[in-house]
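Since the structure comes first, as structure tokens, the remarks are kept for the end.
The values are calculated or read from the model by the stated rules, or taken from the named source; none is laboratory data. None of these values were measured; they are calculated from a predicted model. Positions of Cβ are generated from backbone atoms using ideal geometry, with glycine treated the same way; all protein chains shown enter the neighbour counts.
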Amino acid sequence: MKTLKTTLKAVALAVMGTAAMAQADTLKIGIAGPATGPVAQYGDMQKIGAMMAIEQINKAGGVNGMELEGVIYDDACDPKQAVAVANKIVNDGIQHVIGHLCSSSTEPASDIYEEEGVLMITAASTSPTITEKGHQLIFRTIGLDSLQGPFAASYIINSVKPQRMAIIHDKQQYGEGLATSVKNEVEKAGIKPVMFEGVTAGDKDFSALIAKLKKENVDFVYYGGYHPELGLILRQSKEKGFGAKFMGPEGVGNPDISKIAGEASEGLLVTLPQSFDQDPENQKLVAAFKAKGEDPTGPFVFPAYSALQVMTDSMKATGSVSPDELAEYMRGNAFDTTTGKLEFDAKGDLKQFSFVVYNWHADGSKTAVK
Amino acid sequence: MTETSLYLIQQLINGLTIGSTYALIAIGYTMVYGIIGMINFAHGEIYMIGSYVTFIVIAGLMSMGLVSLPIVLLIALIIAIITSSTYGWTVERVAYRPLRGSNRLIALISAIGMSIFLQNFVVLSQGSRDVALPPQISGGWTFGDPSVFEVSFSYMQLLIWLATFLTMAGLTLFISKSRMGRACRACSEDLGMTNLLGINTNKIISMTFVIGAALAAIAGLLLGLYYGVVNPFVGFMAGLKAFTAAVLGGIGSIPGAMLGGLILGVTEALTSAYFPSEYKDVVAFSLLVLILLFRPSGLLGKPEVEKV
């Protein structure tokens with residue numbers, strides 16, 4: 001039996017080897033995230049960042065004599081579809097993936113990649129649990145909720161100093177995770193939230209919740225979740241004369257929230273990765289994005305770009321595309337990227353990542369606070 | 001008044017508004033069920049299409065420089081009703097009429113298929129993102145001492161209540177007084193017999209779908225304006241809630257749809273008010289189970305007589 005298995009393995013390897021050689025001139029990179037569904041905007045950010053990186057890398061001569069080709073997969077931010085996408089990527093013989101985007105999609109997909117030997121770098125999933133399973137091939141080029149939560153909390157404690165604070169979340173892995181982290185931190189500093197409640201993602205009517213916030217005389221609300229719900233909460237709060245200050249994570253920080261909430265989005269506080277598009281060193285790229293009619297200001301555009309830089313720099317340094325060798329190299333080295341100098345820890349997370357608090361404006365723009 | 005009672009009043013206002021909208025959509029389910037005994041699962045999608053058309057027309061007229069709000073709303077309403085009714089009519093013609101003689105389950109599957117088709121059709125033609133419209137009708141009344149608790153009741157909420165009430169009253173009159181309405185009731189009692197007596201039942205059934213779709217378009221306009229946001233997925237949840245309301249009130253009964261919608265809306269608002277709001281769907285649907293256990297035909301429904 002054992003010999004049979006070994007023979008089979010050898011045959012399989014041989015077949016894979018020839019397959020790899022046959023298509024040695026192009027290297028396919030999977031880009032997985034929502035292209036449809038309510039949070040497709042974020043998928044677009046990741047996509048344009050990754051596609052721009054592929055374009056630039058190819059222009060500079062490709063990697064190890066190969067040209068890169070980006071293949072888009074749509075998981076609609078749905079965990080079930082993410083699993084299907086991951087299986088499809090494995091079946092398509094792709095060994096390098098940028099994605100997924102929503103933490104709840106990345107988590108099940110990453111198990112498949114790890115098992116099937118696919119290198120995955122997410123530019124957007126921030127839930128800490130993704131890298132806590134001891135996976136070897138899973139990395140990320142974005143900060144964790146476990147960094148962002150305490151960062152938001154310290155701003156609340158030191159600058160907002162709310163009298164009666166409420167925390168609302170959308171009961172999803174990302175939103176509730178952040179909300180819980182903020183709650184734990186502010187409680188340590190002696191601020192006891194008067195409310196900690198979940199809403200249902202996709203709901204349209206928040207009037208009952210707003211009346212409750214009003215009754216509790218809440219003056220500050222932290223929201224863990226995405227923009228469609230917070231946009232409606234802001235809009236309905238304004239209509240109902242509820243004037244508390246709101247704060248949210250990068251999941252709410254895109255211009256669509258201003259389309260939904262209109263004037264009610266003025267003064268919203270948002271924690272975001274620092275604006276890499278403002279970095280003087282990235283201005284050539286910003287111009288390249290604008291020339292294609294793409295918006296480089298989204299929080300995941302440059303992390304996706306640098307994920308590809310990390311991947312291809314490792315390929316060049318090791319002269320290999322083997323996910324295992326690349327992962328080993330990534331853990332031991334530092335990378336110069338558009339999002340700064342990146343170093344990974346043993347879990348595959350960034351050693352350092354900084355967030356900034358922004359003041360959101362009704363026209364969808366933002367200015368840094370402090 | 002004390003804070004507790006003002007708060008209760010506010011939550012009742014909220015609940016009645018949500019409930020009215022459920023009721024408007026629920027009528028479409030209840031009318032179709034009353035006449036041909038099938039559940040038109042694509043109805044929520046018709047509502048969603050009504051919302052989209054409203055948004056497109058309002059945005060279009062505004063960009064053409066038309067500023068008079070009543071005229072804009074009227075034009076949007078008319079176009080939304082025409083478009084939705086066309087969809088309602090076509091859905092019946094294409095997906096249900098050829099299956100009318102067959103097993104109920106087959107028509108149900110066809111309805112679910114239609115719902116998925118329409119949803120994806122809108123995703124592909126309009127994109128899957130939220131489309132937003134700035135508030136058109138803002139303002140309202142507030143009462144109660146601001147230092148205790150200020151109750152707000154917006155013009156938009158009043159409009160939803162009025163529109164729901166007037167539509168319901170008009171429909172009830174139509175069904176009970178007009179010739180067409182009498183034909184409708186005859187169909188609902190015995191479709192085969194009505195046909196034998198020389199009434200064009202196909203026409204009546206088509207008309208039922210058209211009326212249901214027109215009401216869904218009104219709901220689409222009102223809710224579109226109230227929430228200011230629409231995406232291709234709103235029809236599913238709204239349809240599910242409206243269907244629940246119809247079953248709660250007694251499916252097949254028009255006052256039942258109204259009552260069911262209001263009860264469902266108020267239950268949701270009061271649950272969010274006094275318990276963590278995560279529990280609102282749990283409580284609302286537990287209520288449905290309880291009512292169906294003790295009154296299987298719903299609050300105002302007639303006990304079903306097996307048709308031979």
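Residues in segment A:200-253 that are farther than 20 Å from A:CYS102 by Cα and of a type in the set (D, E, K, R): A:LYS204, A:ASP205, A:LYS212, A:LYS214, A:LYS215, A:GLU216, A:ASP219, A:ARG235, A:LYS238, A:GLU239, A:LYS240, A:LYS245.
Residue count for segment A:38-75 under the criterion of being assigned to a helix (DSSP H, G or I), within 14 Å of chain B (Cβ to nearest Cβ) and aliphatic (A, V, I, L, M): the result is 2. State all residues of segment A:349-370 that are hydroxyl-bearing (Ser, Thr, Tyr), surrounded by 12 or more Cβ atoms within 10 Å (Cβ to Cβ) and in contact with a strand residue (DSSP E or B) (Cβ under 6 Å, 6 or more places away or on another chain); if no residue qualifies, say none. Across segment A:349-370, the qualifying residue is only A:TYR358. If you take the residues of segment A:160-179 that are touching a strand residue (DSSP E or B) at 6+ places or on another chain (Cβ under 8 Å) and part of a helix (DSSP H, G or I), which of them is modelled with the lowest pLDDT? Selected residue: A:TYR174.
The residue that is nearest to the chain's Cα centre (by Cα), among those in segment A:86-102 that are among the aliphatic types (A, V, I, L, M) and buried (at least 24 other Cβ atoms within 10 Å of the Cβ), is A:LEU101.
Against the definition (within 14 Å of another protein chain (Cβ to nearest Cβ) and either more than 22 Å from the chain's Cα centre (by Cα) or surrounded by fewer than 22 Cβ atoms within 10 Å (Cβ to Cβ) (or both)), how does A:LYS212 come out, yes or no? Criteria met by A:LYS212. Of everything in segment A:200-222, what is under 26 Å from B:GLY224 (Cα atoms), in a loop (DSSP other than H, G, I, E, B) and not β-branched (Val, Ile, Thr)? Give them in sequence order. The answer is A:ALA201, A:GLY202, A:ASP203, A:LYS204, A:ASP205, A:PHE206. Kindly check whether there is at least one residue in segment B:192-208 that is out of contact with any Pro (no Cβ under 7 Å at 6 or more places or on another chain), within 14 Å of chain A (Cβ to nearest Cβ) and assigned to a helix (DSSP H, G or I). Looking for residues that are out of contact with any Pro (no Cβ under 7 Å at 6 or more places or on another chain), within 14 Å of chain A (Cβ to nearest Cβ) and assigned to a helix (DSSP H, G or I), one finds none in segment B:192-208, hence no. For segment B:272-296, filtering for residues that are part of a helix (DSSP H, G or I) and either within 21 Å of B:ILE251 (Cα to Cα) or basic (Lys, Arg) (or both) leaves 14. For segment B:187-207, the criterion of being more than 21 Å from B:ALA23 (Cβ to Cβ), in contact (Cβ under 8 Å) with a residue 60 or more places away in the chain and among the hydroxyl-bearing types (Ser, Thr, Tyr) is met by at least one residue. Going through (1) more than 24 Å from A:ASN64 (Cα to Cα); (2) in contact with a helix residue (DSSP H, G or I) (Cβ under 6 Å, 6 or more places away or on another chain); (3) in contact (Cβ under 8 Å) with a residue 24 or more places away in the chain one by one, A:LEU350 falls short only on (2). The numbered conditions (1) small (Gly, Ala, Ser); (2) in contact (Cβ under 8 Å) with a residue 12 or more places away in the chain; (3) away from every other protein chain (no Cβ under 13 Å) are all true for B:ALA132 except (3).
Name every residue in segment B:114-136 that is surrounded by fewer than 16 Cβ atoms within 10 Å (Cβ to Cβ) and not in a loop (DSSP other than H, G, I, E, B), in order of residue number. Within segment B:114-136, B:ILE116, B:PHE117, B:ASN120, B:PHE121, B:LEU124, B:SER125 meet the criteria.
Of the listed requirements (1) surrounded by fewer than 18 Cβ atoms within 10 Å (Cβ to Cβ); (2) within 14 Å of chain B (Cβ to nearest Cβ); (3) not basic (Lys, Arg); (4) not in a helix (DSSP H, G or I), A:GLU197 misses just one: (1).
So, A:GLN274, is that one away from chain B (no Cβ under 13 Å), under 17 Å from the mean Cα position of the chain (by Cα), of a type outside the set (Phe, Trp, Tyr) and surrounded by fewer than 24 Cβ atoms within 10 Å (Cβ to Cβ) or not? Yes. Being among the hydroxyl-bearing types (Ser, Thr, Tyr), surrounded by fewer than 21 Cβ atoms within 10 Å (Cβ to Cβ) and either more than 30 Å from A:ASN217 (Cβ to Cβ) or at pLDDT below 90 (or both) is a description that does not apply to B:THR21.
Exactly one residue out of B:PRO276, B:PRO255 is touching a strand residue (DSSP E or B) at 6+ places or on another chain (Cβ under 9 Å), surrounded by fewer than 24 Cβ atoms within 10 Å (Cβ to Cβ) and either polar (S, T, N, Q) or farther than 17 Å from B:VAL289 by Cα (or both), and it is B:PRO276.
Would you confirm whether any residue within segment B:204-216 is buried (at least 20 other Cβ atoms within 10 Å of the Cβ) and closer than 30 Å to A:ASP78 by Cβ? Yes, segment B:204-216 contains at least one residue that is buried (at least 20 other Cβ atoms within 10 Å of the Cβ) and closer than 30 Å to A:ASP78 by Cβ. Per the listing A:GLU294, A:GLU263, the residue uniquely surrounded by fewer than 24 Cβ atoms within 10 Å (Cβ to Cβ) and not assigned by TED's automatic domain parsing to the domain that holds A:ILE210 is A:GLU294.
If the condition is being within 14 Å of chain A (Cβ to nearest Cβ) and assigned to a loop (DSSP other than H, G, I, E, B), then segment B:1-60 contributes B:MET1, B:THR2.
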